[in-house]
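Remarks on the structure that follows.
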Amino acid sequence: MQATTWIDNIAEESNLWFNAVKAEEGGEFDHAAILYLKDASQCLSKGMQLKAALSSSCAASCIHRMGSQVRAQQLYAESAQIYLEKAQSLAGVSVREFLWCLRESYRAFQHAGKREKAEEVHRYYLSLAGRIDPFIFADSLSMSEPVQAEKESNEEHFQENQTMTQAIELFLEPRRDEYRKMSASDPRKAADRLQRRAPNNEKSIINQLG
């Protein structure tokens with residue numbers, strides 16, 4: 001019996017991500033968004049935060065193309081927050097992944113229209129990257145370039161069906177519950193906690209570099 005490889009798993013017809021990509025490429029943005037959101041929910045339940053953030057961003061892109069900037073920005077903001085939280089957990093583990101998560105959080109906050117939060121993450125990234133390696137710092141300068149503005153959406157023509165609403169709520173509700181448990185009704189507070197911990201994070205990173 002032939003062993004199943006990771007390529008087989010990706011190509012498996014039941015794979016939510018694979019089917020979401022196919023639906024998006026076929027212009028079925030509503031179906032693709034639902035599949036991406038289901039994938040994001042499954043990934044969160046398995047502790048796969050980065051995949052969940054990516055799927056949420058992909059769903060946001062599809063929904064924006066359907067005509068809703070409001071819903072899209074809501075999902076982009078959630079993706080940005082997941083990336084930010086993941087960066088915080090990686091601060092003393094992996095320099096490369098830590099900075100990569102901050103960079104993705106920055107971009108997602110920009111897509112979400114949260115320019116102030118994006119700039120906070122941007123400044124924090126530059127501060128740490130510049131202390132670690134001047135070459136990383138030079139590469140990070142491209143972050144200062146704004147994300148290309150998305151076309152204006154038409155909310156009046158956007159129709160969110162019940163299946164999509166359920167998929168969005170299924171993805172968002174567990175994280176809302178987690179915020180409540182942490183007594184942090186505003187998820188943006190995580191960014192403040194990350195910034196306050198900067199000296200300790202920097203020390204951990206320096207230790208990793210030897």
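The values are calculated or read from the model by the stated rules, or taken from the named source; none is laboratory data. As the structure is a prediction and not an experimental result, all values here were calculated from the model. Note: ideal-geometry Cβ built from the backbone for every residue, glycine included; neighbour counts use all protein chains shown. Quick note on the areas: whole protein, heavy atoms, side chains included, nothing else; ligands and nucleic acids left out. Shrake-Rupley method; radii C 1.70, N 1.55, O 1.52, S 1.80 Å.
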Query raised in the report: Pairs Lys38/Lys114; Lys22/Lys51; Lys22/Lys117: which exceed 22 Å Cα-Cα?
Result: Lys38/Lys114; Lys22/Lys117
Report summary line: For Val21, the net charge from surrounding residues (Cβ-Cβ under 12 Å; K, R +1; D, E -1) works out to -3
Query raised in the report: Whose amide H sits under 5 Å from the amide H of Ser68, counting only residues 5 or more places off or on another chain, with H placed in the peptide plane?
Result: none
Query raised in the report: Taking region 45-128, which trypsin sites (Lys or Arg not before Pro) meet the DSSP loop condition and have no more than 11 other C-beta atoms within 10 Å?
Result: Lys46
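If each residue of separation counts as 0.36 nm, what is the full-extension length gain between Ser127 and Glu97 once their alpha-carbon separation is subtracted?
9.2 nm
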**Report entry** Modelled label reach - Lys22, point 7 Å along Cα→Cβ, region 45-68 residues with backbone N closer than 18 Å
**Finding:** none
Query raised in the report: Under 18 Å from a point 7 Å along the Cα-to-Cβ line of Arg115: which residues of region 37-79 have their amide N that close?
Result: 70, 73-74, 77
Report summary line: Under the rule rounded for a/c under 1.5, else prolate if a/b exceeds b/c, else oblate, using alpha carbon gyration tensor axes a ≥ b ≥ c, region 32-83 is classed as oblate
Report summary line: In nanometres, the difference between 0.36 nm per residue of separation and the alpha-carbon distance of Gln74 and Ser89 is 3.1 nm
Requested in this report: With a 1.4 Å probe and every protein chain left in place, tell me how much accessible area Val21 has, in Å² to the nearest 10.
Outcome: 40 Å²
Query raised in the report: Tell me, what ³J(HN,Hα) does each residue in region 66-72 have, in order and in whole Hz, if you take phi through Karplus 6.51 cos²θ - 1.76 cosθ + 1.60 with θ = phi - 60° and put x for Gly and Pro?
Result: 7, x, 10, 6, 4, 5, 4
